[in-house]
Amino acid sequence: MKHIFSSIDIGSDTVKIVVCELYNNKLHLLAASSVKSKGIKKGLITNVNDATVSIKEAFNEVESMLGIKIRKVIASVPSYFAEFTKIVGETKITNEDGIVKSDDIVKLFQIAMAGKLKPHQEMVTIIPIDFKLDNAEGISIPLGLVGSTLKTRAILATVPRKNIYSVVSILDNIGVEVVDIMLGSIGDIYSFKTKELDEKIGAVINVGAETTTVSLYNKGIVVKNSIIGLGGKSIDNDIAYMYKIEPKEAVRIKEKFALAHKKYASTSDFYEVTDATGEEIKISQYEVSEIVQSRIEEILELGRKEINILAGKEIEYIIITGGTSNMAHFEYVADEIFNKKAFVGNIKLIGLRDNVYSSSFGNIIYFINKLKLKGKSYTMVSSSDMEDLSSVKKNTINTSSETMLERVFGYFFGE
């Protein structure tokens, strides 16, 4: 059976959808879409009708590539007021053979999180730190091992209930089932994870459109995050203000002409545009790159200060991602702010090199890891759709009475 996974990230600037196939323990990109979003401000849905139109457009685009409907997704939810709480749990293995089974792991997590949820908060996920089976410590996947007492240390990730409902309700209304929810800060680290990073304390700075998320990780597990109210649109606004031009034209200049660092900008290259008074003006690449660099420096400097607050000590790595980090020569600004301790993330998946997809792609990887932990096989595409998908690839080289949240959380705790 083929294993197909789809993930959606609803951002202030774009709605991103990624669809991957897991084959021989390796992920392959099937399709990805990124469409301009409406009705979303600073990561929060402010106009349901406008947001629904944008989300439908993103699905239509990716479905036209695949030739099938996307009926199930992993969905990123806003990380405002997210909390990451360390929890511990212990359970007895009651099977006659003493083998740790999926039910034992689920029961262990339920015990560990009991009484830990605050009012108006909901669980996003539980990220295991490690397991202990009798006297054996440091176990990553206890499934199939033999013992009598299983213990865990884990991180319980929660957000306000409204963060979840705002996303899940829209997707439910358009006929898409949310099988799991995730946070961008979880997806980001899984897009860039290595064995080396898993042994260190570090941070990820995701420069989004209207906000920048700073997340702290201990051995690859998110432990804290914060949100800065500046992002890529701050650069657009600076350009539009300085040259008195339309915001759309400012975006075009940022994406097609300006550089993140003035170091390699030309003083003899110009971009011709009409300003608000109707006058034709010429914009120097060097001058506009200075404007861009100044704002990026401010965002990264704020990110550096947030990291110091979150960590309280020196950290070993900083990864920068998000759509703005795709700008040419962004790494030079990062080098100057972080003394070469930071690097721009690089998604290592053929066909998906754009950092705007880091959260949605990483969420698929994390979801697959959860499946491995439970020893489950799963796909988000039906067998009939699978046949249609196979033919497209070849040619082209609910009535449940459960609530929405019960279906989402039931996936993690159920079979």
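The values are calculated or read from the model by the stated rules, or taken from the named source; none is laboratory data. These figures come from a predicted structure and were not determined experimentally. Note that each Cβ is placed from the backbone with ideal geometry, even for glycine, and that neighbours are counted across all protein chains shown. With ligands, DNA and RNA removed, areas are computed over all heavy atoms of the protein, side chains included. Shrake-Rupley method; radii C 1.70, N 1.55, O 1.52, S 1.80 Å.
Annotations
- Region 284-319 and region 44-84 have their alpha-carbon centroids 29 Å apart.
- Our helix-only sum for the chain, with -39,500 (n - 2.57) per DSSP H run of n ≥ 4 divided by its residues, gives a mean residue ellipticity at 222 nm of -11500 deg cm²/dmol.
- Listed residue (Val77, Val100, Ile129) projecting farthest to the positive dipole end of region 54-158, Cβ model: Val77
- Accessible surface computed residue by residue for the chain, with neighbouring protein chains in place and a 1.4 Å probe, gives 47 Å² per residue.
- By the rule of a C-alpha distance below 13 Å, with chain neighbours fewer than 8 residues away ignored, the aspartates and glutamates paired with Lys224 are Glu83, Glu306.
- Dipole moment magnitude, nearest 20 debye, the chain about Cα centre, only Lys, Arg, Asp, Glu C-beta charged: 840 debye
- Positive-end extreme of charge dipole, the chain - chosen from Val35, Ile299, Gly175 (charges on Cβ): Gly175
- Cross-link reach list, aspartates and glutamates versus Lys282, counting only Cα pairs under 20 Å and skipping chain neighbours closer than eight places: Asp236, Asp238, Glu246, Glu249, Glu255, Asp269, Glu272, Glu290
- With a simple spin-label model that places each label point 7 Å from the Cα along the Cα-to-Cβ direction, the separation between Asn218 and Tyr80 comes to 2.8 nm.
- At full extension, Asn346 and Glu137 could sit 71.9 nm farther apart than now, given 0.36 nm per residue minus the alpha carbon distance.
- Top positive-direction residue, dipole computed over region 78-190 with Cβ charges, set Gly147, Val88, Pro119: Pro119
- Cross-link reach is defined here as a Cα-Cα straight distance under 20 Å, omitting same-chain residues fewer than 8 places apart; for Lys372 the lysines meeting it are Lys2, Lys26, Lys72, Lys101, Lys107, Lys132, Lys151, Lys193, Lys195, Lys219.
- Legend: calculated FRET efficiency, Lys41 to Ser148, from the Cβ-Cβ distance at R0 = 45 Å, rounded to 0.05, equals 0.30.
- Using a simple spin-label model with pseudo-atoms 7 Å out from Cα toward Cβ, Lys200 and Asp130 lie 2.0 nm apart.
- Only the Cβ atoms of Lys and Arg (+1) and of Asp and Glu (-1) were treated as charged; on that basis the dipole of region 104-144 about its Cα centre amounts to roughly 200 debye.
- Estimated FRET transfer efficiency when R0 is 22 angstrom, pair Lys372-Ile174 (beta carbons, to 0.05): 0.15
- Computed FRET value (nearest 0.05) for Leu117 with Glu280, which takes r as the C-beta separation and R₀ as 56 Å: 0.40
- Percent accessible area from carbon and sulfur atoms, region 235-274, protein chains only, probe 1.4 Å: 50 percent
- Gain on full extension, evaluated as 0.36 nm per residue between Asp97 and Tyr165 minus their Cα-Cα distance, stands at 20.3 nm.
- Extension reserve of the Lys244-Tyr23 stretch, reckoned as 0.36 nm per residue once the Cα distance is removed: 74.4 nm
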